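A.B. asks: Okay, handing you the structure first.
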Amino acid sequence: MARIIITLLFFVTLGITSLFIVASEGNLEKDQHFSTTQYDSKIKQFERSDTLSVVTFNIGYLSGMTNNLAVERVEELYHQNLSVALKTLERIEADMIGLQEVDFGSQRSFMYNQLDSLALQLDYPYAYRSVNWDKKFVPFPYWPLGHQFGKMLSGQAILSMFPVANAQTITLIKPINTSFVYNAFYIDRLVQVCDLVLAPGDTIRVMNLHLEAFDQETRLAQAETVKQLFESYSDQLPVLLIGDFNSPPEYLQPDDAMSVIMSAKHIRSAVDSLTYESSPASFNTFNSREPYQMIDYILYNENFITSVGQSVISETGEISDHLPLLMKFVLRGENDEN
């Protein structure tokens with residue numbers, strides 16, 4: 001009997017291990033995770049005096065307030081939310097958009113490539129894609145089984161009206177206080193970095209990130225990496241640092257990631273403390289149903305960029321659990337005073 005039990009335990013363990021290995025494998029080769037796509041040959045013409053605009057938006061794979069909840073997913077919801085996203089972003093006509101939580105062909109969002117849908121229908125000629133969640137099967141939510149995500153191919157993207165150059169992706173540290181099983185299925189936290197060539201002699205560097213949501217120690221470590229990266233660029237050319245930072249402003253929570261990042265040389269926020277405190281409800285980006293905190297940001301280096309306006313775009317409603325943030329800006333001239 002003991003031998004039978006040991007044999008059964010062996011095969012059960014072997015089966016679980018095999019399922020773990022297969023499920024945690026990716027759908028793509030590693031060199032396919034990061035790619036630049038040219039959708040169209042049209043390029044926006046840029047003059048040095050032009051006002052530019054940038055948006056950051058965690059679209060939550062267009063799942064609305066059901067993001068990460070154990071609920072039955074309905075395809076029509078994704079169609080409706082995509083329609084609202086297209087209508088809103090078409091009106092804004094941003095020159096560049098940083099997106100987080102974009103599905104490129106995931107079971108949870110009915111296998112649609114949301115990046116292609118947005119780029120093609122909004123006439124963005126360029127996009128830089130970085131996959132941060134590539135698994136054959138994600139067993140989350142844990143119960144009921146029928147609501148689990150299954151096949152996953154998701155990540156971040158930068159849409160641009162200008163050519164993309166020198167694109168790279170930096171993978172940040174994994175959660176420090178979690179098990180290897182958790183990390184095997186968990187998303188990678190990334191910083192996308194690319195140059196947008198506005199015109200000969202005029203280039204802007206965009207950093208699009210999505211920091212750790214749950215473990216503060218990990219988020220602080222990631223923030224230090226981001227700060228150092230920003231500082232390595234900030235004396236050279238205009239830099240935009242945008243995305244979902246999963247951290248309240250440094251003036252509200254001084255022990256979190258934003259305090260680290262906002263200590264970087266030359267850095268400024270589109271929504272500074274005076275602007276935020278004048279109307280906090282107007283600048284909270286999460287959650288979209290009852291916004292109670294700002295965790296999405298547009299940051300820039302003030303020695304090259306001047307912000308001329310900012311707003312949270314509330315008309316997207318509940319197509320995501322986040323609201324998008326917009327900043328309008330100009331490039332500083334050589335004779336502009338700091």
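Rule-based calculations on the coordinates, nothing more; no lab input. In this text, all values refer to a predicted model and were calculated from it rather than measured experimentally. As a convention, Cβ positions derive from the backbone with ideal geometry for all residues, glycine included, and neighbour counts pool all protein chains shown.
A.B. asks: What relative contact order, as a whole-number percentage, does the stretch 216-338 give when Cα pairs under 8 Å and 6 or more residues apart are counted?
C.D. replies: 25
A.B. asks: Hey, if you put +1 on the Cβ of every Lys and Arg and -1 on every Asp and Glu Cβ in the stretch 28-331, which of Ala165, Leu198, Thr66 ends up farthest toward the positive end of that dipole?
C.D. replies: Of the candidates, Ala165 comes out farthest on the positive side.
A.B. asks: Where Lys and Arg each count +1 and Asp and Glu each count -1, what net charge lies around Glu212 among other residues with Cβ under 13 Å from its Cβ?
C.D. replies: After counting each charged neighbour, the total is -3.
A.B. asks: Using mean Cβ contacts within 10 Å as the protection proxy, how do 229-240, 92-103, 306-317 order, highest first?
C.D. replies: Descending mean neighbour count gives 92-103, 229-240, 306-317.
A.B. asks: OK, next. Give me the percent of DSSP beta bridges within the stretch 146-298 that run antiparallel, rounded to the nearest 5.
C.D. replies: 75
A.B. asks: When only DSSP loop residues count, what trypsin sites (Lys or Arg not before Pro) in the stretch 233-318 have their Cβ near at most 14 other Cβ atoms within 10 Å?
C.D. replies: Lys265, Arg289
A.B. asks: Moving on. For the stretch 28-331, build the charge dipole from Cβ charges (+1 Lys, Arg; -1 Asp, Glu) around the Cα centre, then report which of Leu237, Ile261, Ile187 sits farthest towards its positive end.
C.D. replies: It is Ile187.
A.B. asks: Relative contact order, percent, of the stretch 28-331 when contacts are C-alpha pairs under 8 Å separated by at least 6 residues?
C.D. replies: 20
A.B. asks: In the stretch 28-331, what % of DSSP beta bridges are antiparallel (nearest 5)?
C.D. replies: Bridges in the stretch 28-331 are about 85 percent antiparallel.
A.B. asks: Give me Rg over Rh for the stretch 205-338, both radii from the alpha carbons and Rh done the Kirkwood way, two decimal places.
C.D. replies: The Rg/Rh ratio comes out at 0.96.
A.B. asks: In addition: Contour minus end-to-end for Asp40 and Asn303, with contour as 0.36 nm per residue of separation and end-to-end as the Cα-Cα distance?
C.D. replies: Between Asp40 and Asn303, full extension yields 91.4 nm more.
A.B. asks: Check cross-link reach from Lys44 to the aspartates and glutamates: straight Cα distance under 16 Å, and skip same-chain residues fewer than eight apart.
C.D. replies: Within the straight-line limit of under 16 Å, Lys44 reaches these aspartates and glutamates: Glu90, Glu93, Asp95, Asp123, Asp195, Asp202.
A.B. asks: When averaged across all projection directions, what area in nm² does the alpha-carbon convex hull of the stretch 22-102 cover?
C.D. replies: So the mean shadow area of the Cα hull is 8.5 nm².
A.B. asks: With +1 on each Lys and Arg Cβ and -1 on each Asp and Glu Cβ, and nothing else charged, work out how big the dipole of the chain is about its Cα centre, in Debye to the nearest 20.
C.D. replies: 980
A.B. asks: Above 24 Å lies some portion of the pair distances; for the chain, what is it as a whole percent of all C-alpha pairs?
C.D. replies: Across the chain, Cα pairs with separations above 24 Å total 56 percent.
A.B. asks: In debye, nearest 20, what is the charge dipole magnitude of the stretch 52-129 about its Cα centre with +1 on Lys and Arg Cβ and -1 on Asp and Glu Cβ, if you could check?
C.D. replies: 120
A.B. asks: In addition: Multiply the residue gap between Lys151 and Ile92 by 0.36 nm, knock off their C-alpha separation, and tell me the result in nm, one decimal place.
C.D. replies: My answer for the length gained is 17.9 nm.
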